[in-house]
Amino acid sequence: MAPYHIRKYQESDRKWVVGLLSQGMAEHIPATFWQLLKLPRTLILLLGGPLALLLVSGSWLLALMFSLSLLPALWFLAKKPWKEYVDTVLRTDMSDITKSYLSERDSCFWVAESEEKVVGMVGALPVDDPTLKEKRLQLFHLSVDSEHRGQGIAKALVRTVLQFARDQDCSEVVLDTSNIQLTALSLYQSMGFQKTGQSFFCVWARLVALTTIHFIYCLPSSQAGGL
């Protein structure tokens, strides 16, 4: 395994970072599609629709064509929330990563580099909520290139965020992931993050039962030693 190191983002990293974001989100489309196929309402549509058409028309061919035409539509539905997510972040915080993450001392964006290639990334922004009594940091956009997984890069990036939060005197780190990102769910829970709730980030996600899972990590006090 090639060695890697974690450093702050530079503008020359942008093409790699955007590529990691797009590829990482695209990886979740097949799992979302299979989850969609297993939903009761989808099964009713896939089975009941052709059957009703067969009873009305008496044509097996028409019923089969109806079933086959549903699959591209379901793939479109599975793809839509991920595309909308990427489009949204590229219009907002990741439209100018330097401005969003590196212009203030309480935010940052890191990349993991291996053999002069960016193979991982993660960002952190303070949570802007006046009702909070303690400082809270949010982890964003954790992603590792598929060819470099299993080397501990994701865990190292998360630990980088946790240490940064500690240095900023934050009491908590929060993050969001989805119900189909099983590897990410396992990673966060193994590192001590606790689930606090769930929601849907857009109407398309609700249609395909793509749930956003909210997590929190409570940082130990400065007297409790390192992470």
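Per DSSP H run of n ≥ 4, the term is -39500 (n - 2.57); total these for the chain, divide by its residue number, and report the mean residue ellipticity at 222 nm rounded to 500 deg cm²/dmol.
-15000 deg cm²/dmol
Pick out which of 128, 87, 96 has the largest mean-square fluctuation in a Gaussian network model of the chain, springs linking Cα atoms closer than 10 Å.
Ranking 128, 87, 96 by mean-square fluctuation puts 128 first.
Write out the trypsin sites (Lys or Arg not before Pro) in the stretch 111-197 meeting two conditions: DSSP loop, and at most 16 other Cβ atoms within 10 Å of their Cβ.
Here the trypsin sites (Lys or Arg not before Pro) that fit, given the DSSP loop and packing criteria, are 133, 135, 149.
What dipole magnitude, in Debye to the nearest 20, does the chain give about its Cα centre under +1 on Lys/Arg Cβ and -1 on Asp/Glu Cβ?
560
Excluding residue 136 itself, what net charge comes from residues whose Cβ is under 14 Å from its Cβ, given Lys and Arg +1 and Asp and Glu -1?
Taking every other residue near residue 136 into account, the sum is -4.
Quick one: among 173, 18, 118, which has the greatest mean-square fluctuation in a GNM of the chain with alpha-carbon springs under 10 angstrom?
18
With axes computed from alpha carbons, what is the tilt in degrees of helix 153-167 against the longest principal axis of the chain, rounded to the nearest 10 within 0 to 90?
Once rounded, one gets 50 degrees.
Work out the charge dipole of the chain with +1 on the Cβ of Lys and Arg and -1 on the Cβ of Asp and Glu about the Cα centre, then indicate which of 111, 81, 130 is farthest towards its positive end.
After comparing all options, I get 81.
Please calculate how many Å² of accessible area the stretch 124-220 carries per residue, with a 1.4 Å probe and no DNA, RNA or ligand atoms counted.
Normalised by residue count, the accessible surface of the stretch 124-220 is 50 Å².
Which residue fluctuates the most in the chain, going by a Gaussian network model with Cα springs under 10 Å, if the choices are 175, 142, 74?
Of 175, 142, 74, the Gaussian network model singles out 74 as fluctuating most.
Could you tell me which of 191, 19, 61 has its Cα farthest along the dipole of the chain towards the positive end, charges placed at Cβ (Lys, Arg +1; Asp, Glu -1), taken about the Cα centre?
61
Expressed as a whole percentage, what fraction of the accessible surface of the stretch 1-132 belongs to carbon and sulfur atoms when a 1.4 Å probe is rolled over the protein heavy atoms?
65
The values are calculated or read from the model by the stated rules, or taken from the named source; none is laboratory data. Because the structure is predicted, anything quoted here is derived from the model rather than measured. Methodologically, a virtual Cβ is constructed for each residue, glycine included, from the backbone with ideal geometry; neighbour enumeration extends over all protein chains shown. When the accessible area is computed, the model is the full protein with side chains, heavy atoms only, and any ligands, DNA or RNA have been set aside. Shrake-Rupley method; radii C 1.70, N 1.55, O 1.52, S 1.80 Å.
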